[in-house]
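Here the structure is laid out as structure tokens; the discussion comes afterwards.
The values are calculated or read from the model by the stated rules, or taken from the named source; none is laboratory data. Quick caveat, the model's predicted, so the values are computed rather than measured. Ideal geometry is used to build each Cβ from the backbone, glycine not excepted, and the neighbour counts take in all protein chains shown.
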Amino acid sequence: MLNKIFRLEKRNTSVKTEIIAGTTTFLTMAYIIFVNPAILSQAGMDKPALIAVTCLVTAIATIATGIFANAPIAMAPGMGLNAFFAYMLVITQKISWQTAIGVVFMSGLFFLILTLIGLRKKLVEAIPASLISAISVGIGLFITFIGLQNLGIVIAHPQTLVQAANLSTTIMIGLAGLIVMIFLEMKKIKGSLLIGIIVSTVLAILLGKFLPEKDKIIVPQTLASANISIAAVAMKLDIIGTLKWSLFGSIFSLMFMDMFDSIGTLVACCSEAKMADEKGKIKELDRLLTIDAGASMFGAMMGTSTTTSYIESAAGIEQGGRTGLTSIVTGILFLIAMLFVPVVGIVPIYATAPALIMVGLFMIKEIKKIDFVQMENAFPAFIIIIMIALSYSISTGLAFGFISFAVLKIIAGKAGQIKPVMWLITGLSILYFIIPLLAKGS
């Protein structure tokens, strides 16, 4: 029966192989259960509820890809996208997390509309590959910076803005977890980030007497509980609050971040899973993108940041995962993980910080795809990378990059190379800077 439903023989796989692959994907990306709540809770959201929602949304979205697309692709709240939510929308722009959830929903809705009417392809093709890679690199640098802050090793300074902190017990515990992650990555051992987080948490428990009171871990009386509630964050999104010009740029940025992230991940993973036809096209790509957009909207309703396709799916694919059965196994394991909310809730932020640093490292690898030979491509990519990190704003970095790309093409006498949709994106980027000025003037 499973062979008939998932076409196992046709894709040269078996039930055993798919189960192993699904388990591998789960172990590789299970760190999100710890990291996503740690980031979003800084926006004032309830952490235990976030842990349950992270597991629930990941499980349902991943199982959906297995059932409706028969693809070995996992989906979960995206790294970088959750940082944008917490640090840009809530902390920097000072909007409520309920309104920020509304921004996530609207970006998912626009992504879905673009996919259904066929404009998604034109938008992606309009933006040069170097700028798309620069977005990943910039977000990677941004996430690394956040990780270093959460670890406590980078702190504020009144004159130089930032400085390195003196070593402390919590920093040493976090660095120990980071070393474990790096070592396991060197040995190609799956679940390196998850294992590193666990090691740091165990060390924090063992060294509790050397920690300040605020950093100590209180071990729960029970490791598992069926008494799970997501009421504190579910269905709290504020759609009306998003209907203002000042948030249009954020919706636009979040939609494009999700779009580029999803397309890059899906093309890479589906090609590796031998899902491409003889022309190299992936038949299920539009269906997967539709599920991705729908998952973002569902995730927003449940109370989490943008849900997207996960590159960690490649780990399961490397183990032979070729069908949706892999995704269903991964999703079921995330459902089971919901029972362990009490133990996940004790993980301190300095234990999850090393995972952010490692994810930043993984994303920065995209820098090798940037064209640094042509200045009109190199400078916009460079400014995107720098401004995302230094302005502490992904949308600001994108706006600077898109505008500089158009300006340099005009100066170089190559305005004709700019596609019509890119002109539209540049115009929206200019509006991103002008609208706050007009609002302030009024």
Residue set Lys10, Lys4; condition assigned to a loop (DSSP other than H, G, I, E, B) and either of a type in the set (D, E, K, R) or more than 19 Å from Thr330 (Cβ to Cβ) (or both); output residue Lys10
All-but-one check, Gly80 against (1) crowded, with 24+ Cβ neighbours inside 10 Å; (2) on the phi < 0 side of the Ramachandran plot, failing number (2)
Within the stretch 360-372, of all residues that are modelled with pLDDT of 85 or more and crowded, with 22+ Cβ neighbours inside 10 Å, the one farthest from Ser200 (Cα to Cα) is Ile370
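Inspect the stretch 375-391 for any residue being touching a residue at least 12 places away in the same chain (Cβ under 8 Å) and of a type in the set (Ser, Thr, Tyr) and give the result as yes or no. So that I can check it myself, show each step before the final result.
The initial filter retains those residues of the stretch 375-391 that are touching a residue at least 12 places away in the same chain (Cβ under 8 Å), namely 375-389.
Retained after the next criterion (residues that are of a type in the set (Ser, Thr, Tyr)): none.
No: zero hits.
From Leu151, Leu184, Leu89, which residue is among the hydrophobic types (A, V, I, L, M, F, W, C), in contact (Cβ under 8 Å) with a residue 12 or more places away in the chain and over 30 Å from Phe382 (Cβ atoms)?
Numbers: Leu151 fails: over 30 Å from Phe382 (Cβ atoms); Leu89 fails: over 30 Å from Phe382 (Cβ atoms).
Answer to the selection: Leu184.
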Only unsatisfied item for Gln163, checking (1) surrounded by fewer than 18 Cβ atoms within 10 Å (Cβ to Cβ); (2) part of a helix (DSSP H, G or I), is (2)
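Somewhere in the stretch 31-39, is a residue hydrophobic (A, V, I, L, M, F, W, C), touching an Asp or Glu at 6+ places or on another chain (Cβ under 8 Å) and over 21 Å from Glu18 (Cα atoms)?
Going residue by residue through the stretch 31-39, those that are hydrophobic (A, V, I, L, M, F, W, C) are 32-35, 38-39.
Next, from what is left, pick out any that are touching an Asp or Glu at 6+ places or on another chain (Cβ under 8 Å): none.
The answer is no, given that none of the residues of the stretch 31-39 is hydrophobic (A, V, I, L, M, F, W, C), touching an Asp or Glu at 6+ places or on another chain (Cβ under 8 Å) and over 21 Å from Glu18 (Cα atoms).
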Screening Ser296, Ser262 for residues that are under 30 Å from Pro348 (Cα atoms), touching a Ser or Thr at 6+ places or on another chain (Cβ under 9 Å) and without any contact (Cβ under 8 Å) to a residue 60 or more places away in the chain leaves only Ser262
Of the residues in the stretch 314-368, those that are among the basic types (Lys, Arg) and not in a helix (DSSP H, G or I) come to Arg322
State yes or no: is Ile60 modelled with pLDDT of 95 or more and over 16 Å from the mean Cα position of the chain (by Cα)?
yes
Q.
Against the condition within 22 Å of Leu289 (Cβ to Cβ), modelled with pLDDT of 95 or more and either hydrophobic (A, V, I, L, M, F, W, C) or surrounded by 18 or more Cβ atoms within 10 Å (Cβ to Cβ) (or both), how does Ile32 come out, does it pass?
A. no
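Those residues that are out of contact with any strand residue (DSSP E or B) (no Cβ under 7 Å at 6 or more places or on another chain), assigned to a helix (DSSP H, G or I) and closer than 28 Å to Thr13 by Cβ, I need them from the stretch 40-83; list them, please. Reasoning before the result, please.
Residues of the stretch 40-83 that are out of contact with any strand residue (DSSP E or B) (no Cβ under 7 Å at 6 or more places or on another chain), as a first pass: 40-53, 55-56, 59-60, 63-64, 66-72, 74, 79-80, 82-83.
From what is left, the residues that are assigned to a helix (DSSP H, G or I) are 40-43, 47-53, 55-56, 59-60, 63-64, 66-68, 82-83.
Selection gives Cys55, Leu56, Ala59, Ile60, Ile63, Ala64, Gly66, Ile67, Phe68.
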Scanning the stretch 179-197 residue by residue, those part of a helix (DSSP H, G or I) and over 14 Å from Pro348 (Cβ atoms) turn out to be Ile179, Val180, Met181, Ile182, Phe183, Leu184, Glu185, Met186, Ser192, Leu193, Leu194, Ile195
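Quick one: which residue in Ser200, Ser225 is in a loop (DSSP other than H, G, I, E, B) and more than 22 Å from the chain's Cα centre (by Cα)?
On the way: Ser200 fails: in a loop (DSSP other than H, G, I, E, B).
Answer to the selection: Ser225.
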Taking the stretch 166-205 and the residues there that are in contact with a helix residue (DSSP H, G or I) (Cβ under 6 Å, 6 or more places away or on another chain) and polar (S, T, N, Q), the one that is surrounded by the most Cβ atoms within 10 Å (Cβ to Cβ) would be Ser200
Note on the stretch 240-255: residues in a helix (DSSP H, G or I), at pLDDT 80 or above and of a type in the set (A, V, I, L, M, F, W, C) are Ile240, Leu247, Phe248, Ile251, Phe252, Leu254, Met255
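Select from the stretch 107-145 the residues that are over 19 Å from Asn377 (Cα atoms), of a type in the set (A, V, I, L, M, F, W, C) and surrounded by fewer than 24 Cβ atoms within 10 Å (Cβ to Cβ) and list them in ascending order. Break it down stepwise before answering.
Restricting attention to the stretch 107-145, the residues satisfying the condition of being over 19 Å from Asn377 (Cα atoms) are 107-122, 140-145.
Retained after the next criterion (residues that are of a type in the set (A, V, I, L, M, F, W, C)): 109-114, 116-117, 119, 141-143, 145.
Within the stretch 107-145, Leu109, Phe110, Leu112, Ile113, Leu114, Leu116, Ile117, Leu119, Leu141, Phe145 qualify.
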Gly413 fails exactly one of (1) within 21 Å of Met387 (Cβ to Cβ); (2) at pLDDT 80 or above; (3) not charged (D, E, K, R), namely (1)
Picking from Thr54, Thr65, Thr99, the residue that is of a type outside the set (Phe, Trp, Tyr), in contact (Cβ under 8 Å) with a residue 12 or more places away in the chain and closer than 27 Å to Val199 by Cα would be Thr54
Filter the stretch 13-23 for residues that are under 15 Å from Ala71 (Cβ atoms) and assigned to a helix (DSSP H, G or I); the one that is farthest from the chain's Cα centre (by Cα) is Glu18
* Is the stretch 291-302 home to any residue that is crowded, with 24+ Cβ neighbours inside 10 Å, of a type in the set (D, E, K, R) and outside any helix (DSSP H, G or I)? -> no
**Message:** Condition check: surrounded by 17 or more Cβ atoms within 10 Å (Cβ to Cβ) and closer than 30 Å to Leu285 by Cβ. Does Ala268 satisfy that?
**Reply:** no
